[in-house]
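Asks: Let me begin by handing over the structure; questions about it come next.
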Amino acid sequence: MKIAPSILSADFSNLGNALQLCDAGGAHYIHVDVMDNQFVPNLTIGPPVVKSLRPLTEKYMDVHMMVIEPEKLVEPFAKAGADGITFHIEATDKPQQVIDLIKSTGKDVGLSLKPNTPVSDIEPFLDKINLVLVMSVEPGFGGQGYLDGSTERLKEIKQLLIEKGLKDEVKIEVDGGIKLHNAKEVIDAGADILVAGSEIFKADDPVQAMKSFYSLGNS
Ligand code: DX5
Ligand code: ZN
């Protein structure tokens, strides 16, 4: 199990400090929420910010694009220093082309789905990607509550990966409303990577919050 702190909930005036906290807490990934005010009703981080953060950390930069026309941002994020690039199945009518484009940059490919999107929509692409990002809130904002149906969806996707012989190749990441109190539930349901924003960066002690996630995962 790995933690991916979402810097969406960090202090945007001091993102360098957020990265230092991630180092101190032993986080594996840095989750970067990219919103375009079209696919979701919020506007956040673009490639120049990722480029500025890149020299400050050696951690895996996990870019979650919540944008329409994702193909337009693949190369800019790849050049800015992303390690993995995730797009939404609902955001494009040519997912295979976006997958091929991300692969051509040498980056890991992630495919995400919103809470009401049928799992069957991503099924044809499971053997072509590195990561499924399961949204457990409606994308757009940090600090929302975990949607209960998400645990069943995690189990369903895990089962599908097992049946297809892909469980080691394709990681499952869960994003939205992940707290210390429900982390064990999503790990047991099959999540390999836990995104956590507010639970970490709104905590009094973000480093301790990260360490607490890891101790849960290892128990
Ligand atoms: C929501 C984002 C999430 C968000 C998670 O659209 O994709 O990554 O930052 O924040 P919390 O953990 O506060 O739900
Ligand atoms: Zn996210």
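Asks: What percent antiparallel are the DSSP beta bridges of the chain, to the nearest 5?
Replies: Here the antiparallel bridges make up roughly 5 percent for the chain.
Asks: Packing-wise, with mean Cβ within 10 Å as the measure, how do 131-137, 96-102 rank, highest first? It would help to have the intermediate numbers written out before the result.
Replies: Values: 131-137: 24.4, 96-102: 18.3.
Most protected by this proxy first, the peptides run 131-137, 96-102.
Asks: Aspartates and glutamates near LYS167 by alpha-carbon distance under 14 Å, same-chain residues fewer than 8 away left out - which ones?
Replies: Within reach: GLU123, ASP127, GLU156, ASP192.
Asks: If you don't mind, another one. Counting other Cβ atoms within 10 Å of each Cβ, which GluC sites (Glu not before Pro) in the stretch 146-175 have at most 14 and sit in a DSSP loop?
Replies: GLU169
Asks: Let me ask you something else. Counting Lys and Arg as +1 and Asp and Glu as -1, each charge on the Cβ, what is the dipole of the stretch 94-156 about the Cα centre in debye, to the nearest 20?
Replies: About 220 debye.
Asks: Also: Distance from the Cα centre of the stretch 11-57 to that of the stretch 63-108, in angstrom?
Replies: 17 Å
Asks: Taking every DSSP beta bridge that has both residues in the stretch 1-69, what percent is antiparallel when rounded to the nearest 5?
Replies: Working: 1 of 9 bridges.
In the stretch 1-69, approximately 10 percent of DSSP beta bridges are antiparallel ones.
Asks: Then there's this: Which ³J(HN,Hα) values, rounded to whole Hz and listed in residue order, are derived for the stretch 124-129 from phi using the Karplus coefficients 6.51, -1.76 and 1.60 in 6.51 cos²θ - 1.76 cosθ + 1.60 with θ = phi - 60°, glycine and proline given as x?
Replies: Values per residue, Gly and Pro as x: x, 9, 4, 7, 10, 10 Hz.
Asks: Name the residues whose placed amide hydrogens come within less than 5 Å of the amide hydrogen of TYR60, ignoring near sequence neighbours (fewer than 5 apart) on the same chain.
Replies: ILE30
Asks: Per DSSP H run of at least 4 residues, take -39500 (n - 2.57); add these up for the chain, divide by its residues and hand me the 222 nm value, nearest 500 deg cm²/dmol.
Replies: Per the formula, -10500 deg cm²/dmol.
Asks: For LYS51, list the aspartates and glutamates whose Cα falls under 16 Å from its own Cα; do not include residues on the same chain fewer than 8 positions away.
Replies: Once the sequence-local aspartates and glutamates are set aside, what remains near LYS51 is ASP33, ASP62, GLU75, ASP83.
Asks: Also, I was wondering about something else. Determine the dipole magnitude for the chain: charges of +1 sit on the beta-carbon of Lys and Arg, -1 on that of Asp and Glu, nothing else is charged, the reference point is the Cα centre, and the result goes in debye to the nearest 20.
Replies: With Lys and Arg at +1 and Asp and Glu at -1, about 360 debye.
Asks: Check which residues have an amide H placed less than 5 Å from SER136's amide H, if you skip close sequence neighbours.
Replies: It is ASP175, GLY176, by chain and number.
No lab work stands behind these numbers, since they all come straight from the coordinates. Source: prediction; values computed, not measured. Methodologically, a virtual Cβ is constructed for each residue, glycine included, from the backbone with ideal geometry; neighbour enumeration extends over all protein chains shown.
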